[in-house]
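Visitor: First the structure, which I've put down as structure tokens, then a few questions once you've had a look.
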Amino acid sequence: MTNKQIEQQIEELIKELQLESEISLKKVKDIIWNEEEGNKEFQYLISIFVEKAPNLEKANEFAQIVSEAWNTLPHKSLGGLSPVEVLRKNKN
């Protein structure tokens, strides 16, 4: 999945859950970019979306979208690469 597709999914999820007053795509991207060691920021992002889920199936779907964004979008701590890009680079 491309960054644009991930970003579109996050925007749609924000609208679907009516979270516009709490979070934006820019804020999600900033949190991912500026993450520090550990998974505090990841857990925070998951909780924002999952707590609004009407059922377990939707909670899993929302968590998957956030995980995909986390793994696909760039992180400052990884030199501007995403975790997926780091894995590909190390594989080669």
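The values are calculated or read from the model by the stated rules, or taken from the named source; none is laboratory data. This one's a predicted model, so the numbers in the text were calculated from it and none came from an experiment. Positions of Cβ are backbone-derived with ideal geometry, glycine not excepted, and every protein chain shown enters the neighbour counts. Accessible surface areas use protein heavy atoms only, side chains included; no ligands, DNA or RNA. Shrake-Rupley method; radii C 1.70, N 1.55, O 1.52, S 1.80 Å.
Visitor: Mind checking which residues of segment 15-35 are outside any helix (DSSP H, G or I) and either open to solvent by 40 Å² or more (accessible area, probe 1.4 Å) or closer than 20 Å to SER77 by Cα (or both)?
Guide: Residues satisfying the conditions are GLN18, GLU20, SER21, GLU22, SER24, ASN34, GLU35.
Visitor: List every residue pair whose Cβ atoms lie under 9 Å apart, where the two residues are 6 or more positions apart in sequence or sit on different chains, the first residue falls within segment 49-61 and is more than 20 Å from GLU22 (Cα to Cα) and open to solvent by 90 Å² or more (accessible area, probe 1.4 Å), and the second residue, located anywhere, is among the β-branched types (Val, Ile, Thr) and part of a helix (DSSP H, G or I).
Guide: Here the result reads ASN60/VAL50, each pair linking segment 49-61 to a residue that is among the β-branched types (Val, Ile, Thr) and part of a helix (DSSP H, G or I).
Visitor: Next question, about the same structure. What number of residues within segment 24-58 satisfy the criterion of being more than 14 Å from the chain's Cα centre (by Cα) and closer than 18 Å to ILE6 by Cα?
Guide: Number of matching residues: 1.
Visitor: Go through segment 1-10 and count every residue that is among the charged types (D, E, K, R) and surrounded by fewer than 14 Cβ atoms within 10 Å (Cβ to Cβ).
Guide: Number satisfying all stated conditions: 1.
Visitor: In segment 36-64, which residues are assigned to a helix (DSSP H, G or I) and among the small types (Gly, Ala, Ser)?
Guide: If the condition is that a residue be assigned to a helix (DSSP H, G or I) and among the small types (Gly, Ala, Ser), then SER47, ALA59, ALA63 are the ones that fit.
Visitor: For segment 69-92, which residues satisfy the criterion of being surrounded by 15 or more Cβ atoms within 10 Å (Cβ to Cβ), among the polar types (S, T, N, Q) and outside any loop (DSSP other than H, G, I, E, B)?
Guide: Matches in segment 69-92: ASN71, THR72.
Visitor: Let me ask something additional. May I ask you to verify whether ALA69 is touching a residue at least 60 places away in the same chain (Cβ under 8 Å) and either in contact with a helix residue (DSSP H, G or I) (Cβ under 9 Å, 6 or more places away or on another chain) or closer than 25 Å to THR2 by Cβ (or both)?
Guide: yes
Visitor: Name the residues in segment 36-48 that are open to solvent by 50 Å² or more (accessible area, probe 1.4 Å) and not polar (S, T, N, Q), would you?
Guide: GLU36, GLU37, GLY38, LYS40, PHE42, TYR44, listed by residue number.
Visitor: Give me the pairs, please: first residue somewhere in segment 1-15 and under 12 Å from VAL66 (Cβ atoms), second residue anywhere and open to solvent by less than 60 Å² (accessible area, probe 1.4 Å) and not β-branched (Val, Ile, Thr), beta-carbon distance under 6 Å, and either six or more positions apart or on two chains.
Guide: Pairs that qualify, where the first residue is under 12 Å from VAL66 (Cβ atoms) and the partner is open to solvent by less than 60 Å² (accessible area, probe 1.4 Å) and not β-branched (Val, Ile, Thr), are ILE6/GLU68; ILE6/ALA69; ILE10/LEU25; ILE10/ALA69.
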